[in-house]
Amino acid sequence: MHPPVAARSYSEESGMVDYTELAELADTLFEASDDDDELLAEMLDTLDAETLNALISSDLLNAYQVFYYFFRETPDDLARERLQLHAASDLARGIIIKEVDIYEAVFLVEKGEPVLILTDGDTTLARFAGPEAYERIGIYIEESL
């Protein structure tokens, strides 16, 4: 298992983004977007895949910024607050964004793709991946629970 991107050393020879350069890029993006979620997402769209993946798995973005990037939606206030309190790197393990009865909806990122699972902690009831995952899990919860 690899350490979070913040703890890695990137070398120019491997073609990977240097962490210092990644941090400077993040600062530039934050300054240019001025807390506008849509504008930040649009700027992230312009990045090459390697740089984008490094950012969305780092401690430089928060989990909410990654959520918004993937789904272009704002979750309810509690989910947003939970996501804002976590670094994007925490999405490798998953973050609970909603509780319904005995189930939890967990947002995570696997291999650069957004995933939402509905679980009771032991068993996964439903799993959705890709840009429609948030919409699909909402429909599933509404129709099945």
Scan the range 60-67 and give yes if some residue there is under 24 Å from E142 (Cβ atoms) and surrounded by fewer than 21 Cβ atoms within 10 Å (Cβ to Cβ), otherwise no.
no
Counting just the residues of the range 68-101 that are open to solvent by less than 70 Å² (accessible area, probe 1.4 Å) and in a strand (DSSP E or B), which one comes out nearest to D37 (Cα to Cα)?
A87
Residues of the range 18-59 being open to solvent by 40 Å² or more (accessible area, probe 1.4 Å) and touching a strand residue (DSSP E or B) at 6+ places or on another chain (Cβ under 8 Å), which ones?
S57, D59
Scan the range 102-128 residue by residue and report those that are surrounded by fewer than 16 Cβ atoms within 10 Å (Cβ to Cβ) and closer than 16 Å to L91 by Cα.
E110, K111, G112, E113, R127
Matching residues, the range 111-133, being among the hydrophobic types (A, V, I, L, M, F, W, C) and part of a strand (DSSP E or B):
V115, L116, I117, L118, L125, A126, F128, A129
I'd like to verify a number: residues in the range 89-145 that are closer than 19 Å to L61 by Cβ and charged (D, E, K, R), how many?
5
Test T74 against the stated conditions and say whether it is out of contact with any Ser or Thr (no Cβ under 8 Å at 6 or more places or on another chain), without any contact (Cβ under 8 Å) to a residue 24 or more places away in the chain and β-branched (V, I, T).
no
Which pairs have Cβ atoms under 7 Å, sit 6 or more apart or on different chains, and link a residue in the range 80-100 that is within 20 Å of K111 (Cα to Cα) to one that is part of a loop (DSSP other than H, G, I, E, B) and of a type in the set (S, T, N, Q)?
A88/S57; A88/S58; S89/S57; S89/S58; A92/S57
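The values are calculated or read from the model by the stated rules, or taken from the named source; none is laboratory data. Just so we're clear, the structure is a prediction, and the values are computed from it rather than from any experiment. Here the Cβ is made from the backbone with ideal geometry for all residues, glycine too, and neighbour counts use every protein chain on show. The area values use the complete protein model at the heavy-atom level, side chains included, leaving out ligands, DNA and RNA. Shrake-Rupley method; radii C 1.70, N 1.55, O 1.52, S 1.80 Å.
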